[in-house]
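Sharing a structure here in structure tokens format.
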Amino acid sequence: MLLIQGALAAMRSERLTPGFAKLWRRLYAQRGRQVAATALARRLLLLGHKLMKTGQPYDPNFSRKEVLAA
């Protein structure tokens, strides 16, 4: 539940990266708010896990392919 709330807050933020904003808009239009929020929360969780696992700094040009390859 906390991850979903974080995703909803990130969606409202002006600082949301273009990739995450594009994901949000596409899923929101196709599936609705809850599914889009869950998908964004999952993506943010994967990003956080990768950053903690590798010790790398945050990269706004994050790609899902990098997470799936790890």
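The values are calculated or read from the model by the stated rules, or taken from the named source; none is laboratory data. What you are looking at is a predicted structure, and each value in this text was computed from that prediction instead of being measured. Every residue, glycine as well, gets a Cβ built from its backbone with ideal geometry; the counts of neighbours run over all protein chains shown. For accessibility, only protein heavy atoms count, side chains too; no ligands or nucleic acids. Shrake-Rupley method; radii C 1.70, N 1.55, O 1.52, S 1.80 Å.
Suppose the filter is within 16 Å of ASP59 (Cα to Cα) and open to solvent by 40 Å² or more (accessible area, probe 1.4 Å); does GLY48 pass it?
Taking the combined requirement at face value, the residue does not satisfy it.
Is there any pair linking a residue in segment 43-64 that is at pLDDT 85 or above to one that is polar (S, T, N, Q), with Cβ under 8 Å and at least six apart or on different chains, and which?
Close Cβ pairs satisfying both conditions: LYS50/GLN56.
Would it be correct to say that TYR28 is surrounded by 15 or more Cβ atoms within 10 Å (Cβ to Cβ) and among the aromatic types (Phe, Trp, Tyr)?
yes
Starting from residues that are of a type outside the set (Ser, Thr, Tyr) and free of Cβ contacts under 8 Å to residues at least 12 places away in the same chain, keep the ones in segment 1-17 and report whichever is surrounded by the fewest Cβ atoms within 10 Å (Cβ to Cβ).
GLU14
Right, another one. Looking at segment 1-32 only, could you name the residues that are touching a Phe, Trp or Tyr at 6+ places or on another chain (Cβ under 8 Å) and in a helix (DSSP H, G or I)?
ALA10, MET11, GLY19
Select from segment 21-49 the residues that are among the basic types (Lys, Arg) and over 19 Å from LEU2 (Cα atoms) and list them in ascending order.
Those that are among the basic types (Lys, Arg) and over 19 Å from LEU2 (Cα atoms): LYS22, ARG25, ARG26, ARG31.
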